[in-house]
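Notes for the one structure printed next.
The values are calculated or read from the model by the stated rules, or taken from the named source; none is laboratory data. Everything numeric in this text was worked out from a predicted model, so none of it was measured. All Cβ positions, glycine included, derive from the backbone under ideal geometry; neighbour counts span all protein chains shown. For accessibility, only protein heavy atoms count, side chains too; no ligands or nucleic acids. Shrake-Rupley method; radii C 1.70, N 1.55, O 1.52, S 1.80 Å.
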Amino acid sequence: MSRIRSSQVSCGDMPAFLAVPAIDAKAPAVIVMHERYGLVRHTCELAERFAREGYVAIAPDFYFQHPDQEALHRGDVGHDMSDPEAAARLEAAIAGLARVPQADLARIAVMGICQTARHPLVLAAARPIGAALVWYGAAQPREWAVTAKYPRALDEIIAAADCPVLGMFGETDHLISVDDVRRFRNCLERHSKSFRIHLYRDAPHGWLNDTMPGRYRRAQAEAAWAAQREFLELVFAGGYDRLTRRQHFEAGMAADYDFSRNVRLE
């Protein structure tokens, strides 16, 4: 693996963790959005993993204004971030990347996980980005409703998003059913978007997070990371052009799949 440099930086008033490959040349960048727990070590490790693979990676602390960070990190409390707030924070992260000499601002992907999974799509609907990486989110029934938190319908956001989309989901997710994943896929297809969606067998909600033993699924996480690596390599090599639509859906599930049997794991 490549050598990297990491540091704490600021994007305006928002703290962030930055991981950069130890090179002088320009490299694609990834904005890594954290889960509901705020900016924890797991998110920083994802940024470091991207950096070792040759990407400039920045992981902003989107929930830095929450008054009880320890409770947030434990998952005892939550923090609601609206779509407009998320878009503004992501723009601040891009401005932060502009100060990193190695960051190629023409090649940016955004990764959202769980609660933040819709936000790469929100940004892609507002400005050009290279790719939206959606990890087990943006597909629950509540995501499709228009509310104060979500002032623009997800269907409209997807219609306006102008970049290839990667979707990673789990069969045994207790929040997102297989039908929810199909609805997300169908929306992308209806709006003629390029996408690659994977639904992994025996993967509960949070299956990428190796700090939560009850949820983590090493085999599925490694397979998904490899698929994401391949996807990003193709994206940044120009494999997704505006004249072609690439659409891929791959699902693994039990023959007797029953969403009602899925439970929350820790």
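Look at G54 and say whether it is at positive phi, open to solvent by 10 Å² or more (accessible area, probe 1.4 Å) and not β-branched (V, I, T).
Numbers: at positive phi: yes; open to solvent by 10 Å² or more (accessible area, probe 1.4 Å): yes; not β-branched (V, I, T): yes.
The answer is yes for G54.
Among the residues of segment 223-249, just one is charged (D, E, K, R) and within 19 Å of A117 (Cα to Cα), namely R229. Is one or more of the residues making up segment 221-242 closer than 25 Å to E156 by Cα, free of Cβ contacts under 8 Å to residues at least 12 places away in the same chain and not in a helix (DSSP H, G or I)? There is at least one residue in segment 221-242 that is closer than 25 Å to E156 by Cα, free of Cβ contacts under 8 Å to residues at least 12 places away in the same chain and not in a helix (DSSP H, G or I). Tell me, yes or no, whether segment 156-171 has at least one residue that is open to solvent by less than 50 Å² (accessible area, probe 1.4 Å) and of a type in the set (D, E). Among the residues of segment 156-171, at least one is open to solvent by less than 50 Å² (accessible area, probe 1.4 Å) and of a type in the set (D, E), which makes the answer yes.
Take the conditions farther than 16 Å from L208 by Cβ, open to solvent by 10 Å² or more (accessible area, probe 1.4 Å) and either β-branched (V, I, T) or part of a strand (DSSP E or B) (or both) and apply them to Q65. Does it pass? The answer is no for Q65. Here L18 qualifies as within 19 Å of the chain's Cα centre (by Cα) and part of a strand (DSSP E or B). Could you list, in sequence order, all residues of segment 94-130 that are open to solvent by less than 10 Å² (accessible area, probe 1.4 Å) and either closer than 9 Å to M33 by Cβ or under 10 Å from the mean Cα position of the chain (by Cα) (or both)? Matches in segment 94-130: A109, V110, M111, G112, I113, T116, A117, R118, H119, P120, L121. Name every residue in segment 183-217 that is more than 18 Å from the chain's Cα centre (by Cα) and of a type in the set (K, R), in order of residue number. Once the filter is applied, which keeps residues that are more than 18 Å from the chain's Cα centre (by Cα) and of a type in the set (K, R), segment 183-217 yields R183, R190, R201.
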